[in-house]
Every structure is written in structure tokens, then in C-alpha cells.
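Q: Please read through the structure below; I'll follow up with questions.
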Amino acid sequence: MVAAGERHWWYQSTRTLLEMLIAPHLGRVDESTLFLDAGGGSGATGSWLADSALTVLDDFEPVALKAAIGEHAGYRAVRTDINRVPHRAESFDAVLCVTALCHRMNPNPQAIVDEFARVTKPGGLVCLMEPGGKRLWRGHDEVTHTARRFSLAEMRSMIRTAGLELVRATGAYSFLVPPAAVMGLVERGRDKSDVGRNETGLHGVLGQVARAERALIRKVSLPFGLSVIAIGRKPIAGPTS
Ligand SMILES: C[S@@+](CC[C@H](N)C(=O)[O-])C[C@H]1O[C@@H](n2cnc3c(N)ncnc32)[C@H](O)[C@@H]1O
């Protein structure tokens, strides 16, 4: 993932997609802004945050942390387990978590999202992106130690159960659902990752289709996708009477 992060078409598209979905909902970004990229790995999907403001990068994997801070000056690495988020309440303007809740290390994703809500400032955002399509299990899930894929309804529910207001929930990479279903059948029982293969995305074709899908997602939320995304906002407490 460290090697593929910069050049693989999926990571490039995902950075652009996340920025498109999240940035309009962020307040002013300045020197007081602090983001959290939780389970952020090498920063392959969250580095755009670190390039705009100071961003704490929580991850268990030292190789990934080292790569991220070497590439992006805005990252501050914290080697930690996100099952026990080590930060103070109301610390972050936004928390991003991409394909970490699905991991075998995380038996209770809701408890982790509750923690994300705790460390988010009132008015701040929590953005989750996870593998979608519960039946779309394939070799890539084995290699990446994935324990579960999520439905869009589950993503919405995690946001709301954590006490956040749902800003947006959408599927993404819907055009990859049919090929993923076929690959699931072909690769049954084998562990083969998508990360090292087809980096160019059929010589740019998949990147172009992803761009067209982003234009659609800008206007409407998709009911399914190979990825599912949910964004919540922490309510600002009203005056007590
Ligand atoms: C599939 S990678 C995704 C990395 C990054 N978010 C991205 O989109 O490129 C999952 C990352 O989550 C981290 N991770 C998963 N569970 C974790 C936990 N409980 N505590 C810390 N890191 C965790 C892994 O070490 C890995 O770097």
C-alpha cells in the first residue's frame, strides 16, 4: 500500500472523492485546525488533509506511519490502537477513517465510531469509508485482513448511534460491483490483493469512469457501491435553559 498509494488509480480517485465530499462541510481551515486520520496507514487516502492542516495519524503499523510522515509534513504520527483512541475529547475539526473499521483487529466498529464522535469538536465532522456490498467477498479481503464489509444502512446507523447528525451517505465505485462479484467467484478460496495489480486502471479508463461517477455523486447519493461512505456532524449543544 505504501508503494501503491501515490500512483494506483483507486487511491488517486479516492483522495479526490473524499476531498470533494468533505471539504465543502469543513469550516475555515487555518493554523488552529486539527484533523485526525484514524487507521490512516501510509496516508494514501487522507494525505490531502495533512497537506491542508496539521493532521494526527493514528495507526498500529510503524512502516506505514514512517512512510506517511516522510511524505507529508502535516502528519503527526501516533502509534496506537484505535480501539482505545488516546486523544482528548473535542480535539479535532474532522476525523477521517478509511477501510480500518472492517479490519479483524476491530471487533466492535460502533465503539470506535463512538470514540471518533467523542474526540470531534462540536460542529466537526466524522467521515467513514468502508468496503461495501456484504456479499462481495473476494481474495483482496483475505489479504487485507478484512473481517466484514458494510451496508450503507449500517454506515448510517453507526453515525447516528454515535450521536452525530448524518450529513451524507453514499455508495461509491458502483461500476466495480459487477467485476468484483465475478472476481469473488473466480478467486474463491484464494488470497489475491487488488493493491499490486492494474495500477493504471486499464490505462486510465477506470479513473475516467470514477471521474464520471464523482460528477454523479456530486448531485445524488448512490444506493450501493464497492465502497460505502457516511459523513456525520457533531451537534453543537444549544443553550441550556
Ligand atoms: C486498509 S488500510 C487503510 C489505510 C488508510 N486509511 C488508507 O485508506 O489508505 C487499514 C489501516 O488501518 C490500520 N488499522 C486497522 N485497525 C487498527 C487499529 N485497531 N488500530 C490502529 N490501526 C489500525 C492498519 O494498520 C492499516 O494501516
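Q: Would you pick out the residues in region 35-66 that are under 14 Å from Phe116 (Cβ atoms) and more than 14 Å from the chain's Cα centre (by Cα)?
A: Passing the criteria: only Val56.
Q: Here is a further query. I need the strands (runs of 3 or more DSSP E) fully contained in region 30-81, keeping only those with at least 1 residues that are open to solvent by 10 Å² or more (accessible area, probe 1.4 Å) and in contact (Cβ under 8 Å) with a residue 24 or more places away in the chain.
A: Ranges flagged: 34-38, 54-59.
Q: Additional query: Need the failing condition index for Ser157 against (1) farther than 29 Å from Gly27 by Cβ; (2) surrounded by fewer than 18 Cβ atoms within 10 Å (Cβ to Cβ); (3) polar (S, T, N, Q), just the number.
A: Here Ser157 meets the rest and fails (1).
Q: Now, a different point. Which one is surrounded by the fewest Cβ atoms within 10 Å (Cβ to Cβ) among residues in region 2-26 that are outside any helix (DSSP H, G or I) and modelled with pLDDT under 95?
A: If we take residues in region 2-26 being outside any helix (DSSP H, G or I) and modelled with pLDDT under 95, then Arg7 is surrounded by the fewest Cβ atoms within 10 Å (Cβ to Cβ).
Q: Name the single residue that is farthest from the ligand (Cβ to nearest atom) among those in region 73-86 being over 21 Å from Asp51 (Cα atoms) and not aliphatic (A, V, I, L, M).
A: It comes out as Pro86.
Q: Taking the condition of being modelled with pLDDT under 95 and crowded, with 17+ Cβ neighbours inside 10 Å, how many residues in region 133-154 meet it?
A: Summing the residues that are modelled with pLDDT under 95 and crowded, with 17+ Cβ neighbours inside 10 Å in region 133-154 gives 11.
The values are calculated or read from the model by the stated rules, or taken from the named source; none is laboratory data. Note that the structure is a prediction, hence the values are computed from the model and not measured. All Cβ positions, glycine included, derive from the backbone under ideal geometry; neighbour counts span all protein chains shown. SASA here: full protein model, heavy atoms, side chains in, ligands and nucleic acids out. Shrake-Rupley method; radii C 1.70, N 1.55, O 1.52, S 1.80 Å.
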